[in-house]
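Inspection log for the structure reproduced underneath, given as structure tokens.
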Amino acid sequence: MAEKSTNNNNGLPKKKRSKTASIAKAEDRLSKLPDITLGHILSFLPTTNDVVRTCILSKRWKLIWYSVPKLCFCDTSTTVPEFQKLENYVDNCLEHRKKVDNKVKEYLSVDLEPGKCENDGYYYYYCLPKTVLNLRALTILELRGIELGYSFGFPSLNSLSLENVRLSNNVTTDVLTKSFTDCPSLEKLSLRLSSGK
């Protein structure tokens, strides 16, 4: 009885197909998708932190997260160092987005639990940076546990939710009124300001 040959045409032994080869082919198909499609897929991840983590997949993926139309930051850090680390992270993400000029309809959610300073009981809030004003295609803005220090206006904004938002010392409710009028497409508004320290 003849033994079955395990050699290919050039006399070398045939390699068994591994599971990693199958996975690599699946990744190749994903990599062939256009950036806008990949950005849409990534928008289903729960937080921006999860989206940013995908940049380690390849050189091409390093910049894909810039085109994700949804930014969602959520944290309940309670110590000053943790809170400051989060502030820096959000600021950096918003700064990187500023450098990308796209017309994608955008969604921004910042949901932070105000931190409490242990020594004096004072609550500290994340102060939203002015780089947010560069998100001109913003359609949905949800802010919770932040401090507003300036007026804003987004021509495409149709849904605005401000919950547990504190106004900076130099800001009056007139600034909010101006902000609302500077959002001509606004259809839905939910407002609950903080009366905390």
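The values are calculated or read from the model by the stated rules, or taken from the named source; none is laboratory data. Every value quoted in this text rests on a predicted model; they were computed, and no experiment measured them. As a convention, Cβ positions derive from the backbone with ideal geometry for all residues, glycine included, and neighbour counts pool all protein chains shown.
Listing for the model above:
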{"item": "Residue list for region 39-67, filter: of a type outside the set (Ser, Thr, Tyr) and in contact (Cβ under 8 Å) with a residue 40 or more places away in the chain", "result": "39, 49, 52"}
{"item": "So residue 148, is it surrounded by fewer than 19 Cβ atoms within 10 Å (Cβ to Cβ), more than 21 Å from residue 70 (Cβ to Cβ) and touching a strand residue (DSSP E or B) at 6+ places or on another chain (Cβ under 9 Å)", "result": "no"}
{"item": "Selection count where residues are modelled with pLDDT of 85 or more, in a loop (DSSP other than H, G, I, E, B) and either more than 24 Å from residue 137 (Cα to Cα) or aliphatic (A, V, I, L, M) (or both), scope region 16-67", "result": "2"}
{"item": "Output for region 147-189, where each listed residue is acidic (Asp, Glu) and part of a loop (DSSP other than H, G, I, E, B)", "result": "182, 187"}
